[in-house]
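**Student:** First the structure, which I've put down as structure tokens, then a few questions once you've had a look.
The values are calculated or read from the model by the stated rules, or taken from the named source; none is laboratory data. Remember, predicted model here, so these are calculated numbers, not experimental data. Methodologically, a virtual Cβ is constructed for each residue, glycine included, from the backbone with ideal geometry; neighbour enumeration extends over all protein chains shown. Quick note on the areas: whole protein, heavy atoms, side chains included, nothing else; ligands and nucleic acids left out. Shrake-Rupley method; radii C 1.70, N 1.55, O 1.52, S 1.80 Å.
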Amino acid sequence: MTKSSRLPGFYKLSVEERRQLLAELAQLSAEDLRALAGGLSDADADVLVENVIGTYALPFAIAPNFIIDGEELFMPLVIEEPSVVAAMAHAAKIARAGGGFTTGSTPPIMIGQIQLLDVPYLDAAIVRVQGLKRELLAKIEHLHPTIRKLGGGPMDLQVRKLEDTPAGPMLIIHLLMDTRDAMGANAINTAVETLAPELEAITEGRALLRILTNLSDQRRAWASCRIPVGALETPELTGEEVARGIFEANAFALADPYRAATHNKGIFNGIDAVAIATGQDWRAIEAGGHAWAAREGQYRALTDWRVENNHLLGYLEMPLAVGTVGGLTKYHPTARLALKLLGDPDARRLSQIMVAAGLAQNLAALRALVTEGIQRGHMALHERRLKMKD
Ligand code: MEV
């Protein structure tokens, strides 16, 4: 990566000029650049899903200006919506005034669920499963030798009792597994399917569903920023007014699900765009994020914004189950290029980069909404599009 991720005037270049400049700055090879021209081959697409008749392209862009934990980054984005890229680049530039984004994450622990029905004595079954935890975990240790070699593997079994469901009481077993740099859906699903017959025998119940949960709340990432309010000033408003507006807009989304849905959609404009660029299962990420947003019983904003000592403080934390090995990252040359642009991160680092992208996008949306409104930038691009069609 270059010393700085600032790219003034990048937007004024032609697509080809941008590619050449990026190749120079990020030391991309001719083969890397070819990945930007087409991406997935028919043959690889045919391996991924059924009944393939071709592939489908979307714009691939970069947002400059990012500093994440002191590292300068170009954010790779695949998105069709006008303004998102420019808005994110602008927000990343504003955040630079406070040193950029600081991030963190938990270890990459996925959860798989086993549903047990017709368990005759729920409480006795819970005690038995808990007593046999070590033996049960030992039975699935051999399943994923690569994950184990890298320090991951099964970690814990937790038992939950759902006493009042439309189908009567049931016992739910959670398998917690560190899947390292894999997103881990296959690993966890194999593990819960393997464990289910043992659990049926122990609980005298009937196993039905054996599947991961997308509410991967043991695998979270967070990002924060601390921006001097002066950096938020516009020709019409002081930095204090903009910062206060962002705090008030966030308060609206914390209190009202109608606003929270739109607020969080803006966050996913950033997160999904990086997820798609880097070959992630963005539906899984969305499902986890929205379920997390409703974890207290009301759907709320995922972010927290406040003003303290002349600084605007932003924070976003959410589940982010991502992988940098296996899945699409194995087949898609453009996804591999996106990961290369990010310095070939491991899964934890990628989740941290993505959550910073989400926070940046939220900052951009709120800043626009509390100042000039969202339509000005949006319509300018829309008009450009219409002109191109003429
Ligand atoms: C549009 O795609 C996203 C926004 O509506 C998000 C928001 O309202 O916070 C601008």
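**Student:** Leaving out ligands, DNA and RNA but keeping every protein chain, what accessible area does Met88 have, in Å² rounded to the nearest 10, with a 1.4 Å probe?
**Tutor:** Looks like 0 Å² after rounding.
**Student:** Trp222 accessible area, nearest 10 Å², 1.4 Å probe?
**Tutor:** 70 Å²
**Student:** Separate question: May I ask you to derive the relative contact order of the range 76-234, considering only C-alpha pairs under 8 Å and at least 6 residues apart, and to give it as an integer percent?
**Tutor:** Here the relative contact order equals 40 percent.
**Student:** Below 8 Å between Cα atoms, with a sequence gap of 6+, how large is the relative contact order for the chain in percent?
**Tutor:** 21 percent
**Student:** Would you list Asp272, Asp44 from the most to the least accessible area, probe 1.4 Å?
**Tutor:** Descending accessible area places them as Asp44, Asp272.
**Student:** So which of Lys149/Lys340; Lys3/Lys93; Lys133/Lys161 end up more than 19 Å apart by C-alpha?
**Tutor:** With Cα atoms farther than 19 Å apart: Lys149/Lys340.
**Student:** Further, regarding this structure: Measuring with a 1.4 Å probe in the full set of protein chains, what accessible area per residue, in whole Å², belongs to the chain?
**Tutor:** 49 Å²
**Student:** Just to verify a number: FRET efficiency for Glu71 and Ala43, C-beta to C-beta distance, R0 = 45 Å, to 0.05?
**Tutor:** E(calc), rounded to 0.05, equals 0.80.
**Student:** Roughly how tilted is helix 122-131, in degrees to the nearest 10 and between 0 and 90, from the longest Cα axis of the chain?
**Tutor:** The angle comes out at about 80 degrees.
**Student:** Specify the angular offset, from 0 to 90 degrees and rounded to the nearest 10, of the alpha carbon long axis of helix 185-203 from the longest principal axis of the alpha carbons in the chain.
**Tutor:** The helix 185-203 is inclined about 20 degrees to the chain.
**Student:** Right, next: Multiplying the sequence separation of Glu31 and Lys149 by 0.36 nm and subtracting their Cα-Cα distance, what value in nm do you get?
**Tutor:** Result: 39.3 nm gained on full extension.
**Student:** When the Cα centres of the range 80-139 and the range 1-76 are compared, how far apart do they sit, in Å?
**Tutor:** Computed from Cα coordinates, the inter-centre distance equals 28 Å.
**Student:** May I pose another question? Ratio of alpha-carbon Rg to the 2.2 N^0.38 Å globular estimate for the range 109-212, to two decimals, please.
**Tutor:** 1.05
**Student:** Can you give me the Kirkwood hydrodynamic radius for the chain, using every pair of distinct Cα atoms, in Å to one decimal?
**Tutor:** Mean inverse Cα-Cα distance, inverted, gives 22.7 Å.
**Student:** Could you rank His90, His142, His332 by how accessible they are, 1.4 Å probe, largest area first?
**Tutor:** Of His90, His142, His332, the descending order of accessible area is His142, His90, His332.
**Student:** Starting from 0.36 nm per residue, how many nanometres of slack lie between Asn186 and Asp304 once their C-alpha separation is accounted for?
**Tutor:** 39.1 nm
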